[in-house]
Amino acid sequence: MNVLDIEARATQALKFLTDTDEQAADLKHSAEVAEARHEATVDALFLHMEGTVEVRKASARTAETSQAAKLDFLEAQRQYDAMANKRKSEALVMEWLRSLYASYRQGK
């Protein structure tokens, strides 16, 4: 890998990291909102159910609307995790390129 390749890949990684700052924050926020929505749905269903506390909890967690809210939360969390993992990978690439460039400069 020559210096131009190192600089090009570093530029690409930095561009991705800077371009996705807000998107990553938005995805995290969406996941947190979806989680809160799921919890609120379970709580609301629990209040309207009849029976013992344990039966009401189980019924609220397994209700169709509760399950739909849970799936929404899991999808939002998956999207955020995918973005976070890609950002971590690009940050690792930056560290690798710094090391590679430092080795190149020492050998020059």
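Laid out as a table, the results:
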| quantity | calculated |
| --- | --- |
| FRET efficiency, Gln23 to Val53 (Cβ-Cβ, R0 35 Å, nearest 0.05) | 0.25 |
| Ordering of 19-27, 62-70 by burial proxy (mean other Cβ atoms within 10 Å per residue, highest first) | 62-70, 19-27 |
| For segment 59-108, convex hull volume per residue from C-alpha positions, Å³ | 45 Å³ |
| Protein accessible area in segment 42-106, 1.4 Å probe - carbon and sulfur % | 56 percent |
| Cα-derived Rg over Rh, computed across segment 25-70 with Rh taken as Kirkwood radius | 1.10 |
| Per residue, in Å², the accessible surface of segment 1-43 once ligands and nucleic acids are set aside, probe 1.4 Å | 67 Å² |
| Spacing of the two label points (7 Å from each Cα toward its C-beta) at Gln67 and Arg98, in nm | 4.9 nm |
| Computed magnitude of the charge dipole of the chain (debye, nearest 20; Cβ of K, R +1, Cβ of D, E -1) | 580 debye |
| Rounded to 10°, Cα long-axis angle of helix 3-19 versus longest principal axis of the chain | 30 degrees |
| Cα Rg, Dmax (largest Cα-Cα span) when computed across the chain, Å | 22.8, 77 |
| Total lysine pairs whose alpha carbons fall under 28 Å of each other in the chain (8 or more apart, or interchain) | 11 |
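The values are calculated or read from the model by the stated rules, or taken from the named source; none is laboratory data. Quick caveat: nothing in here was measured; it's all calculated off a predicted structure. Virtual Cβ from ideal backbone geometry, glycine too; neighbours counted across all protein chains shown. Calculation scope for accessible area: heavy atoms of the full protein, side chains included, ligands and nucleic acids excluded. Shrake-Rupley method; radii C 1.70, N 1.55, O 1.52, S 1.80 Å.
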